[in-house]
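The block underneath contains the structure these notes are about, expressed in structure tokens.
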């Protein structure tokens, strides 16, 4: 069978498709016309190119996905979910505890600082804030330059 989409032929493309291929079926033709009508705004606005690029990116991702990459992604996902779960549980527990107990006095806060877990949490929070401050200072320095 000849290629119905080859350029330079004497008859129009749609006629060649209807004559020489499986597209000669009426239902297929009606479906193609509907599809062409829906694609027309995308083609005219040159947005179909973006969809094709997105599909190409997805295909490249599938091609690159070997077993090692999938295993790494699974480990990263599990770490992310477990850390999010831990943080949400800690926040929920702290909120429930704070709601049940009266607001501590200043001396009560100092007594709470005697607990090793409180000190560990405060140390973590201070280290976290130090890193944020360092990154903020670097961002401000590069913005001034």
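Rounded to the nearest 500, what is the 222 nm mean residue ellipticity of the chain from helices alone, with -39500 (n - 2.57) per DSSP H run of 4+ residues and division by all residues?
-27000 deg cm²/dmol
Which whole-percent values make up P(r) of the chain when all C-alpha to C-alpha distances are grouped in 5 Å steps starting at zero?
Per 5 Å bin, starting at 0, the Cα pair percentages come out as 2, 6, 6, 8, 9, 9, 8, 8, 7, 6, 5, 6, 6, 5, 3, 3, 2, 1, 0.
Rounded to the nearest 0.05, what FRET efficiency do residue 59 and residue 34 have when you use their Cβ-Cβ distance and R0 = 30 Å?
0.70
Describe numerically, in nm with one decimal, the distance between label points set 7 Å from Cα along Cα→Cβ at residue 132 and at residue 68.
My value for the distance between the label points is 3.7 nm.
Thinking of segment 58-142 as a set of Cα atoms, what percent of all their pairs are more than 23 Å apart?
That tail contains 55 percent of the Cα-Cα pairs.
Read-outs throughout are calculated quantities, based only on the coordinates presented, and are distinct from any laboratory measurement. These figures come from a predicted structure and were not determined experimentally. Note that we place each Cβ from the backbone using ideal geometry, even for glycine, and neighbour counts take in every protein chain shown.
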